[in-house]
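K.L.:
For reference, the structure I am asking about is given below.
The values are calculated or read from the model by the stated rules, or taken from the named source; none is laboratory data. Computed from a predicted structure; not experimentally measured. Methodologically, a virtual Cβ is constructed for each residue, glycine included, from the backbone with ideal geometry; neighbour enumeration extends over all protein chains shown.
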Amino acid sequence: MKTWYSQSLGDGILAFEPKEELRAQFEPLFAATGKPTEMAVFTRHELEGRLQCEVIAYFSPAAAPLAQAVGARPCDRPTTTDLDLLAGDPACWAALFPAMP
């Protein structure tokens, strides 16, 4: 179970509500599974040549049930550059992005 997922949350200015909805959906699932360190949702504001930024949510492999429920698509593990933790245990950084030797 190593597949990451991503989902656009829309324009950066308007993404506050979708982010809060995602956090609200995450919390009961997180609690029900024993709050695993590897379960997290991250966000990043991305421009990619557009005038307005787009907020992308990234779901760790352990958050796959939520990702699939919201229609997220499989993707590569994101880089940590400008990545923000939306939901999950802060210890997830070390678990999901181990330092490379």
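Conditions (1) surrounded by 13 or more Cβ atoms within 10 Å (Cβ to Cβ); (2) small (G, A, S); (3) at pLDDT below 95, marked per residue:
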{"site": "M1", "(1), (2), (3)": "no, no, yes"}
{"site": "K19", "(1), (2), (3)": "yes, no, yes"}
{"site": "F30", "(1), (2), (3)": "yes, no, no"}
{"site": "E48", "(1), (2), (3)": "no, no, yes"}
{"site": "F59", "(1), (2), (3)": "yes, no, no"}
{"site": "L66", "(1), (2), (3)": "yes, no, no"}
{"site": "T81", "(1), (2), (3)": "no, no, yes"}
{"site": "L85", "(1), (2), (3)": "yes, no, no"}
{"site": "D89", "(1), (2), (3)": "yes, no, no"}
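K.L.:
Moving on. Are there any pairs with C-beta distances below 7 angstrom linking a residue in the stretch 1-21 that is under 15 Å from A87 (Cα atoms) to a residue that is surrounded by 14 or more Cβ atoms within 10 Å (Cβ to Cβ) and among the charged types (D, E, K, R), with the two at least 6 apart or on different chains, and if so which?
P.N.:
L9/K19
K.L.:
If you don't mind, another one. Could you grab me the full set of residues in the stretch 17-74 that are out of contact with any strand residue (DSSP E or B) (no Cβ under 8 Å at 6 or more places or on another chain), under 19 Å from C92 (Cβ atoms) and of a type in the set (D, E)?
P.N.:
E38
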